[in-house]
1. Name the single residue that is nearest to Val272 (Cα to Cα) among those in region 142-192 being buried (at least 20 other Cβ atoms within 10 Å of the Cβ) and of a type in the set (D, E, K, R).
2. Is there a residue being under 15 Å from Asn233 (Cα atoms), over 14 Å from the mean Cα position of the chain (by Cα) and hydrophobic (A, V, I, L, M, F, W, C) anywhere in region 87-99?
3. Of the residues Glu69, Glu28, which single one is in the same structural domain as Leu213 (by TED's automatic domain parsing), farther than 15 Å from Leu188 by Cβ and among the acidic types (Asp, Glu)?
4. Of Ala97, Ala85, Ala112, which residue is among the small types (Gly, Ala, Ser) and either surrounded by fewer than 18 Cβ atoms within 10 Å (Cβ to Cβ) or assigned by TED's automatic domain parsing to the domain that holds Leu238 (or both)?
5. Is it fair to say Lys285 is out of contact with any strand residue (DSSP E or B) (no Cβ under 7 Å at 6 or more places or on another chain), within 23 Å of Ser106 (Cβ to Cβ), free of Cβ contacts under 8 Å to residues at least 40 places away in the same chain and of a type outside the set (A, V, I, L, M)?
6. For region 251-271, state whether one or more residues are small (Gly, Ala, Ser), closer than 24 Å to Gly83 by Cα and in contact with a helix residue (DSSP H, G or I) (Cβ under 8 Å, 6 or more places away or on another chain).
7. Among the candidates Val241, Val228, which residue alone is touching a residue at least 60 places away in the same chain (Cβ under 8 Å), surrounded by fewer than 21 Cβ atoms within 10 Å (Cβ to Cβ), β-branched (Val, Ile, Thr) and not in a helix (DSSP H, G or I)?
8. State yes or no: is Gly133 at pLDDT 95 or above, over 16 Å from Tyr278 (Cα atoms), touching a strand residue (DSSP E or B) at 6+ places or on another chain (Cβ under 7 Å) and not in a helix (DSSP H, G or I)?
Amino acid sequence: MNRKITTLAILTFAIATVACGPSEKTVELQKKAKLNFGIFPETAPGSEKDTADRVALGKKLYFDTILSENKTQSCNSCHNVEGKAAGVDNLPTSPGAFGKNGDRNSPTVLNAAFHVKQFWDGRAEDLKAQAKGPILNPGEMAMPSEAAVIERLKASSEYPELFTKAFGKDSITYDNLAEAIAAFERTLITKDKLTDFIAGDHSALSSSEQEGLELFLNSGCNSCHNGVVLGGNSFRKLGQVNPYETKDLGVYALTKKPEDKYMFKVSSLKNVALTAPYFHDGSVKTLEEAIQKMGHHQLGKDFSEEEVQKISKFLNALSDKNRL
């Protein structure tokens with residue numbers, strides 16, 4: 001009898017809670033999140049002209065080792081999107097086709113279409129420009145020239161027809177290759193609990209995740225990590241408040257402007273819990289350590305262990321629901 005009464009009381013409380021709707025605090029937090037991050041788009045910028053044939057071609061190229069000199073490496077080797085993989089290889093830095101590691105961590109390709117520029121130093125204007133780089137980079141896929149790439153594709157039994165479907169007759173060009181890969185990458189959009197929360201589902205984030213979001217906003221993390229993918233839309237100095245030791249001079253290596261020393265593109269925080277290790281050199285192993293360092297070096301805040309765990313809880317809610 002007592003069990004029945006207890007169960008009835010729990011059900012009554014649950015129904016009453018639902019009927020009352022979200023708390024005023026939750027509603028206000030949702031408004032703040034929407035203001036800082038915006039409604040997540042259904043499609044990526046630049047996808048207006050993408051066709052099913054271009055995406056299919058791009059996907060095949062993305063996974064094909066034919067684009068590396070010794071035919072051992074594909075785009076997916078460093079930016080793994082298979083299964084529940086989060087668009088990275090989870091290594092500090094990635095080995096190229098001939099085994100030598102690069103100098104910088106391979107960032108995730110998921111949601112990369114929403115970034116203002118590509119690469120840590122922004123040297124590529126968009127996904128199309130980015131796709132052209134690694135194939136010819138001696139330390140990455142190491143193809144000797146665009147002509148050598150095109151020669152291989154033309155000699156293939158499949159690619160001539162696929163390029164014709166996607167771009168028309170006699171369309172096997174390096175430019176079209178990059179456009180097709182970019183078209184595929186523009187489909188790599190993820191959905192998470194924060195997206196649902198901002199869209200109006202106030203129950204999408206748990207109370208502890210909401211606490212982490214509130215701390216994230218109140219601490220100023222959103223001064224850099226804002227916009228629909230919580231970053232990727234600006235460049236900031238690493239060591240903005242307290243100096244950060246690194247030999248990598250960031251954007252300065254391209255521009256030679258003193259003000260660009262230690263400037264890097266702000267990382268997107270979407271799927272950040274799945275993309276360890278962190279920072280431009282992959283030197284930070286855990287999300288908790290990354291939070292602690294970002295607080296100290298960028299904000300001048302030394303988060304307590306409890307605060308780190310709260311923010312971490314929120315950042316875990318940014319993981320793609322299909323990759324958990």
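1. Per the stated criteria, the residue is Asp192.
2. Taking region 87-99 as the starting set, the residues that turn out to be under 15 Å from Asn233 (Cα atoms) are none.
No, there is no match, as no residue in region 87-99 is under 15 Å from Asn233 (Cα atoms), over 14 Å from the mean Cα position of the chain (by Cα) and hydrophobic (A, V, I, L, M, F, W, C).
3. Residue meeting the stated conditions: Glu28.
4. Numbers: Ala97 fails: either surrounded by fewer than 18 Cβ atoms within 10 Å (Cβ to Cβ) or assigned by TED's automatic domain parsing to the domain that holds Leu238 (or both); Ala112 fails: either surrounded by fewer than 18 Cβ atoms within 10 Å (Cβ to Cβ) or assigned by TED's automatic domain parsing to the domain that holds Leu238 (or both).
It is Ala85.
5. yes
6. yes
7. Val228
8. So Gly133 fails the test.
The values are calculated or read from the model by the stated rules, or taken from the named source; none is laboratory data. Here the structure is a predicted model, which is why all the values come from computation and not from measurement. When we count neighbours, we look across all protein chains shown, and the Cβ atoms used for this are built from the backbone with ideal geometry, even at glycine.
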